[in-house]
Amino acid sequence: MSKERIKISEDLYDIMPSDYQDLVKSATYGKEDRGWKDIGNSKELIEQHSLCAGCPESMAFRYILASLPNPEDTVMVGSTGCTSLVFPMVAVHNIHSLFGNQNAIASGLKRALSVRFPGRTKDVVVLAGDGATVDIGLDMTLQAWFRQEKFTTICFDNELYANTGGQESGLMQKGFVAKMAPVGKLFDKVRLPEIARESGCHYVVQCTVSKPSLIEKVVRNAVMIAREVGPTYLQLYTPCILEIGKNSMEGLQEMRDSEKPTERFAYKEYISEPAKQLLAEVSAKDKEKKAAAKQLASQGA
Ligand SMILES: Cc1ncc(C[n+]2csc(CCOP(=O)(O)OP(=O)(O)O)c2C)c(N)n1
Ligand code: SF4
Ligand SMILES: [Mg+2]
C-alpha cells in the first residue's frame, strides 16, 4: 500500500487544508512496520479530540490508530458515546452506527467489502464503549461472534455510561456509585472476556492502555487474526476520570493501579489454536523479512 490514493493534485495543493497536506507528506500510511514509536515523528491519524482533558480514551485512540496494520484499507465502526466525539477527527474511514448496533453494521460492511473489493484486504474494526458493547448492544455483539464474522471488536471499558452522565453498566464494578446510579452496583462486573471466548472469539485480551507497546501488539494480533481466522475482542480499560474523581494527570496512575495481578484489569489473554498457528506464521515471515533486510544492508555497506 502507498499514499497513492490520497495524493493531492498539483493544481489543488495550495487550497487543501494544511492538516491534509501533512497527512500526505508524513502520515505512516503504507509503512509496513508502523507503530506507536512513529508518534511524534509523523503526522498522526488523530491529533485533536473533544474528550475531557486527560481522558485515557484519547491515549487509547492514539495508540490504536498508530498500530493498525493497514489504516488506508481499514474501516472503523463506532457507536454513540464518548468515543463518537472523536471519530470526526480520525483520518481513517469510519461509520457511526446507531447505539448498540455496531457489530451488526460491521458484519454487513465486512461482507460487502469482500464482494466489492475481491482480492484486496479490507479490515473492519469496531470501537465502542461498554454500554454499547455489553448492555444495549450485547445481542449484536454476541451474534457477530457466533456467526464467526471476521472483524475485531474493541471495547473502551470505562465501567459506566460516561457520555450520558454516569449510568450503571454491566461492566461496572460491584458496589460502585455513579452520579446517575446512586444505589450502587448490586452484582459483579460481567466477565465479557470469558463470554467472548465461549462465544467463538479467537483472540481475546483484557488490559489497560498504560503501555503503548502492549496496545500495539494486541491491536496488530487482533486485526491479523480477524482477517484470516475469525472474530477477535479487546477490552481496554480507559477510566472515566470525571466519574471516578481524578484530575487530568491521574488517568495513567489509575490504569497502573488497576492492572496489578490481583486487580480487576490484570492482563488476560486467550488465543485459539488456529490463531496461535497464524501468529507463528506471521512471526516467521517477519523474521525472514528482517534477515533479508539485514543481508541487503550488509551487502550495501
Ligand atoms: C438507541 C439509543 N439509546 C440510547 C442512547 C443514549 N446514549 C447515548 S451515549 C449512551 C451511553 C454510552 O455509554 P458507553 O457505550 O459506555 O460509552 P461511553 O460514553 O462510556 O464512552 C447512551 C445510553 C442513544 N443515543 N441511542
Ligand atoms: S466523560 Fe469520562 S470518558 Fe467521557 S471524555 Fe470525559 S473523562 Fe473521558
Ligand atoms: Mg462507558
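The residue pairs whose first member lies in segment 142-158 and is more than 16 Å from ligand 3 (Cβ to nearest atom), whose second member is of a type in the set (A, V, I, L, M), and whose beta carbons are closer than 6 Å, counting only pairs six or more residues apart or on different chains, are K150/A226; F151/A106; F151/V124; F151/A226; T152/V125; T152/A222; T152/V223; T152/A226. Of the candidates K185, K211, the single residue that is away from ligand 3 (no atom under 14 Å from the Cβ) and either modelled with pLDDT of 95 or more or over 14 Å from the mean Cα position of the chain (by Cα) (or both) is K211. One residue alone among K3, K7, K43 is in contact (Cβ under 8 Å) with a residue 12 or more places away in the chain, among the basic types (K, R) and touching a strand residue (DSSP E or B) at 6+ places or on another chain (Cβ under 6 Å), and that residue is K43. Scanning segment 136-177 for residues that are among the aromatic types (F, W, Y) and over 17 Å from Q206 (Cβ atoms), we see that the one that is farthest from ligand 2 (Cβ to nearest atom) is F146. When segment 178-200 is limited to residues that are of a type in the set (A, V, I, L, M, F, W, C) and away from ligand 2 (no atom under 16 Å from the Cβ), the one that is surrounded by the most Cβ atoms within 10 Å (Cβ to Cβ) turns out to be A196. Taken as a whole, the structure leaves G81 outside the set of residues that are at positive phi and more than 14 Å from ligand 1 (Cβ to nearest atom).
Restricted to segment 119-237, the set of strands (runs of 3 or more DSSP E) holding at least 3 residues that are within 12 Å of ligand 1 (Cβ to nearest atom), farther than 25 Å from S58 by Cβ and among the charged types (D, E, K, R) is empty.
For G40, the conditions (1) more than 13 Å from ligand 1 (Cβ to nearest atom); (2) crowded, with 18+ Cβ neighbours inside 10 Å all hold with the exception of (2).
Taking every residue in segment 195-218 that is in contact (Cβ under 8 Å) with a residue 60 or more places away in the chain and pairing it with any residue that is aliphatic (A, V, I, L, M) and in a loop (DSSP other than H, G, I, E, B), at least 6 positions away or on another chain, the pairs with Cβ-Cβ distances below 9 Å are H202/V229; Y203/V229; Q206/A266; C207/A266; I215/V209. Candidates E263, E259: the one that is of a type in the set (D, E) and either farther than 30 Å from Q148 by Cα or in contact (Cβ under 8 Å) with a residue 60 or more places away in the chain (or both) is E263. When every residue of segment 126-140 is checked against the conditions, none turns out to be modelled with pLDDT under 95 and small (G, A, S). Residues in segment 76-118 that are crowded, with 19+ Cβ neighbours inside 10 Å and assigned to a strand (DSSP E or B): M76, V77, G78.
The values are calculated or read from the model by the stated rules, or taken from the named source; none is laboratory data. Here the structure is a predicted model, which is why all the values come from computation and not from measurement. Here the Cβ is made from the backbone with ideal geometry for all residues, glycine too, and neighbour counts use every protein chain on show.
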